[in-house]
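The structure appears below as structure tokens.
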Amino acid sequence: MKSQCVARSYRDQIEIIENILSKTGNGSRKTRIMYAANLSSSQMRRYLTLLMDAKCLLYEPEDRLFMMTPKGSNILQAIHEISLAKENLHRSKEKLRSLIDIRTLADIDSE
């Protein structure tokens with residue numbers, strides 16, 4: 001039986017924070033955020049603590065809801081702007097590659 005190498009795409013901390021903040025919105029419970037952001041319970045505790053310490057999330061104990069603060073909303077907006085800029089940069093690189101016949105270093109070295 002052949003073993004298959006599966007490429008994994010790991011999320012970085014910014015992507016996880018984006019997932020949590022976007023799932024929180026006007027109020028969500030911990031379990032809902034955890035499942036929507038695809039996190040383990042221990043990961044969820046660490047990220048919620050981080051975001052509450054940074055004043056990005058508030059916890060309403062009577063409703064058991066986590067709510068995004070204006071600071072959290074600003075951070076989420078900045079993350080979206082960075083993602084858009086990265087996509088535009090990637091598209092520009094691809095366009096440049098299609099306009100210029102980019103050869104590998106091996107091709108250039110063999111000449």
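Sum up the charges of everything whose Cβ sits under 15 Å from the Cβ of Asn19, counting Lys and Arg as +1 and Asp and Glu as -1, but leave Asn19 out. Neighbour charge sum, excluding Asn19 itself: +2. Descending by average beta-carbon neighbour count within 10 Å, the peptides 18-28, 59-69, 80-90, 43-53 line up as 18-28, 43-53, 59-69, 80-90, the highest first.
Stretch Glu60-Arg46 to full length: gain in nm at 0.36 nm per residue minus the Cα-Cα span?
Values: separation 14, 0.36 × 14 = 5.04 nm, distance 1.80 nm.
So the extension gain works out to 3.2 nm.
With both labels modelled 7 Å from their Cα along Cα-to-Cβ, the Asp12 to His90 distance reads 1.3 nm.
One decimal place: the segment Asn26-Ile79 gains 17.2 nm when fully extended, by the rule 0.36 nm per residue minus the C-alpha distance. Near Arg29: Cβ cut-off under 13 Å, other residues only, Lys/Arg at +1 and Asp/Glu at -1. The net charge is +1.
Kindly identify the range 13-98 as rounded, prolate or oblate by the Cα gyration tensor criterion: order the square roots of the eigenvalues as a ≥ b ≥ c, call it rounded if a/c is under 1.5, otherwise compare a/b with b/c, prolate if a/b is larger, else oblate. Before the final figure, lay out the partial values.
Numbers: a/c = 3.09, a/b = 2.24, b/c = 1.38.
Because a/c hits 1.5 or more and a/b exceeds b/c, the range 13-98 counts as prolate.
For the range 19-62, compute Rh as the Kirkwood radius over C-alpha pairs and then the Stokes-Einstein diffusion coefficient at 4 °C and 1.567 mPa s; write the answer in µm²/s, rounded to an integer. The diffusion coefficient I find is 124 µm²/s.
The numbers here are math on the coordinates, done by the rules we state, and not lab data. Quantities reported herein were computed from a predicted structural model and do not represent experimental measurements. Using ideal geometry, Cβ is built from the backbone for each residue, glycine included, and neighbour counts are taken over all protein chains shown.
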